[in-house]
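A short worksheet on the structure shown next.
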Amino acid sequence: MAGYSLFRIEITKTYGMTEWRDDLKRLMIEAGSGDRPVVFLFSDTQIAKEAFVEDINNMLNAGEVPNIFPADEKVAICEAVRPFAKEKFGRAASDMSPLQLYAYFIQRVKQFLHIVLAFSPIGSAFRDRLRLFPSLVNCCAIDWFTAWPGDALLAVAEKFLKEVQLDEAV
């Protein structure tokens with residue numbers, strides 16, 4: 001939708017921190033060195049460990065998970081992002097250090113990664129997570145979706161269907 005690619009994780013019985021971090025790495029590489037924006041859709045039913053939410057908190061706040069990439073992977077990331085740096089900075093990109101290229105990669109992650117969290121507000125787990133991970137509030141736009149009353153549904157339908165001509169058979 002809207003030219004964005006969708007990224008979701010698949011939780012299994014054996015899904016743990018190693019698989020989570022590998023998925024986050026793939027997500028960040030796709031957003032930071034890809035050619036189109038990425039939406040990461042994450043539901044509270046996918047939280048196998050609270051550390052998942054801590055990593056999301058870090059991504060919302062800083063655009064990255066600290067120390068997620070080892071040195072050899074950072075080198076590959078720098079080379080993958082260099083063509084985008086050349087587009088933006090021209091010849092100056094040839095003289096950029098690995099540290100500058102990685103910073104540009106994180107800037108692209110911040111620009112092209114959109115995180116959509118689908119959390120249920122029912123129960124204490126939601127409140128506890130908001131207290132423990134402040135970026136869930138400070139770095140997010142919160143949309144509350146609750147059941148609509150019947151009269152509101154009827155009013156919206158009547159407004160939008162008022163001028164629509166329907167056949168008698170319908």
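The values are calculated or read from the model by the stated rules, or taken from the named source; none is laboratory data. Predicted model only: the values in this text are computed from it and were never measured. Neighbour counts run over all protein chains shown; Cβ positions are idealised from the backbone, glycine included. When the accessible area is computed, the model is the full protein with side chains, heavy atoms only, and any ligands, DNA or RNA have been set aside. Shrake-Rupley method; radii C 1.70, N 1.55, O 1.52, S 1.80 Å.
Worth pointing out:
- Lys/Arg +1, Asp/Glu -1 at C-beta; the chain dipole; positive extreme among 63, 7, 142: 63
- Its Cα centre serving as origin, the chain has a Cβ charge dipole (Lys and Arg +1, Asp and Glu -1) of approximately 620 debye.
- Enclosed volume per residue, in Å³, of the convex hull spanned by Cα atoms of region 1-155: 151
- A dipole drawn for the chain from +1 and -1 charges on Cβ atoms has a positive end, and of 42, 156, 17 the residue lying farthest that way is 17.
- Placing unit charges on the Cβ atoms only, positive for Lys and Arg and negative for Asp and Glu, gives region 21-66 a dipole magnitude near 100 debye about its Cα centre.
- Degrees between helix 17-33 axis and first principal axis of the chain (Cα, 0 to 90, nearest 10): 90
- Three-way shape call for region 72-170 based on the alpha-carbon gyration tensor, with the a/c threshold at 1.5: oblate
- Listed pairs 25/86; 86/110; 13/74; 110/159 exceeding 28 Å between Cα atoms: 13/74; 110/159
- Cα-based reach from residue 49 at 20 Å (exclusive), listing aspartates and glutamates while leaving out same-chain residues under 8 positions away: 10, 19, 22, 23, 64, 128
- Of all accessible heavy-atom area on region 1-124, the percent that carbon and sulfur account for (1.4 Å): 53
- Nearest 10 degrees, 0 to 90: helix 71-89 Cα axis against the chain principal axis: 70
- Shape class for region 34-102, computed from the alpha carbon gyration tensor (a ≥ b ≥ c): prolate, with a/c not under 1.5 and a/b above b/c.
- Between 0 and 90°, nearest 10: helix 50-62 axis offset from the chain longest Cα axis: 80
- One decimal place: the segment residue 160-residue 89 gains 20.7 nm when fully extended, by the rule 0.36 nm per residue minus the C-alpha distance.
- Region 119-161 residues near the modelled residue 54 label - backbone nitrogen below 20 Å, point 7 Å along Cα→Cβ: 125-139
- Taken per residue, the accessible surface of region 98-168 reaches 79 Å², heavy atoms only and a 1.4 Å probe.
- With both labels modelled 7 Å from their Cα along Cα-to-Cβ, the residue 15 to residue 100 distance reads 4.0 nm.
- Rolling a 1.4 Å probe across the protein heavy atoms gives region 1-84 an accessible surface of 54 Å² per residue.
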